[in-house]
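J.: The structure is given below, and queries will be raised subsequently.
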Amino acid sequence: MVAPTKQKALSLRAPKVLVTGFDPFGGDSLNPSWQAAQALHGRRIAAHSVVAAQLPTVFGQSLKVLGALVREHEPVLVICLGLAAGRGAISIERVGININDARIPDNAGRQPIDETIIPGGPAAYFSKLPIKAMRAAIEAKGIPAEVSQTAGTFVCNQVFYGLMHLLATDRGLKATRGGFIHVPLLPEIGDPSIPLATLVEGLRIGIRTALTTEVDLRQQAGEIS
Ligand code: PCA
């Protein structure tokens with residue numbers, strides 16, 4: 001038995017995983033990505049401790065908040081979550097592209113069209129997560145998961161691209177892994193959906209796999225309907 005104070009000190013020393021979710025947008029009152037992130041806050045996964053934080057669904061501001069969180073927590077792994085209504089699986093993103101092209105205004109009323117995220121930056125960044133291994137591990141538990149080939153062109157893609165740009169260009173963050181996962185609606189909001197408890201368990205498995213898998217599996221991504 002470890003004394004509670006010692007246990008706390010141990011968990012404070014544990015390397016961190018930063019998990020972010022977004023605030024509600026587009027007139028919704030809840031965002032499952034934030035509900036899932038909150039549910040993971042404080043969990044221990046593969047000897048790491050999870051810290052959850054909310055990002056605003058606002059172009060530019062979301063990336064500033066994310067950058068500050070990465071500097072504050074110095075996580076070894078960063079997983080940003082966002083809602084993708086219409087998808088029915090935990091959707092592990094492969095690639096973020098250097099473009100903002102908003103279908104609806106963000107939460108500050110801005111709706112950029114054909115705007116680069118980082119002028120002069122590469123057209124795209126790939127995820128640093130073992131996306132195939134994560135998909136396989138989550139599916140092995142009977143929870144729907146897929147590799148997605150597009151994170152869209154709204155605030156989620158901007159955060160994904162911006163995170164990967166930060167990890168690629170900040171010398172102190174070369175070893176930090178990061179990526180983006182879109183989540184479906186919850187059943188109480190709409191369809192297709194995954195219940196919150198199932199979603200959180202799937203994300204826990206995905207995070208554990210990311211922390212314990214150095215080299216990704218080599219298998220076909222499969223088609224997304
Ligand atoms: N989903 C949006 C932005 C915030 C969120 O949860 C997206 O897919 O871009």
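J.: If we count other beta carbons within 10 Å of each Cβ, what is the order of 25, 59, fewest first?
T.: 25, 59
J.: State to the nearest 20 debye the size of the charge dipole of segment 95-218 about its Cα centre, where the only charges are +1 on K and R beta carbons and -1 on D and E beta carbons.
T.: 500 debye
J.: Okay, moving on. Given a cut-off of 29 Å, what percent of all Cα-Cα pairs of the chain lie beyond it?
T.: In whole percent, the long-distance tail amounts to 22.
J.: Rank 186, 104, 202 by how far each Cα sits towards the positive end of the charge dipole of the chain (+1 on Lys, Arg Cβ; -1 on Asp, Glu Cβ) and give me just the farthest.
T.: After comparing all options, I get 202.
J.: Right, here's the next one. When a footprinting reagent is the concern and you count Cβ atoms within 10 Å, what order do 188, 93, 201, 146 take, fewest first?
T.: 188, 201, 146, 93
J.: Could you pull out the pairs from 64/132; 16/141; 16/64 whose alpha carbons sit more than 22 Å apart here?
T.: 64/132; 16/141
J.: Report, for the chain, the % of DSSP beta bridges that are antiparallel, rounded to 5.
T.: 25 percent
J.: Each residue of segment 193-198 in order: what ³J(HN,Hα) in whole Hz does its phi give by Karplus 6.51 cos²θ - 1.76 cosθ + 1.60, θ = phi - 60°, with x for Gly and Pro?
T.: Result, ordered by residue: 8, 9, x, 4, 4, 5 Hz.
J.: In whole Å, what is the distance between the alpha-carbon centres of segment 68-126 and segment 189-225?
T.: Value for the Cα centre distance between the two parts: 18 Å.
J.: What percentage of all Cα-Cα pairs in segment 178-220 are separated by more than 13 Å?
T.: Summing the P(r) tail past 13 Å for segment 178-220 gives 63 percent.
J.: Any idea what the relative contact order of segment 107-172 is, in percent, if you count C-alpha pairs under 8 Å spaced at least 6 apart?
T.: 39 percent
J.: List 143, 90, 118 from most exposed to least, where exposure is judged by having the fewest other Cβ atoms within 10 Å.
T.: The order, fewest Cβ neighbours first, is 118, 143, 90.
J.: If Lys and Arg each add +1 and Asp and Glu each add -1, what is the summed charge of the other residues whose beta carbon sits under 14 Å from the beta carbon of residue 113?
T.: Residues near residue 113 contribute -2 overall.
J.: Further, regarding this structure: In debye to the nearest 20, how big a dipole does the chain give about its Cα centre with +1 on each Lys and Arg Cβ and -1 on each Asp and Glu Cβ?
T.: 1060 debye
J.: Using Cα centres only, tell me the gap between segment 128-144 and segment 41-62 in whole Å.
T.: About 20 Å separates the Cα centre of segment 128-144 from the one of segment 41-62.
J.: Which percent of the Cα-Cα distances in segment 76-179 go past 16 Å?
T.: Tail of the P(r) past 16 Å holds 59 percent of the pairs.
Since every read-out is calculated from the coordinates, none of them should be taken as a lab result. What you are looking at is a predicted structure, and each value in this text was computed from that prediction instead of being measured. Here Cβ is always computed from backbone atoms with ideal geometry, including for glycine, and neighbour counts include all displayed protein chains.
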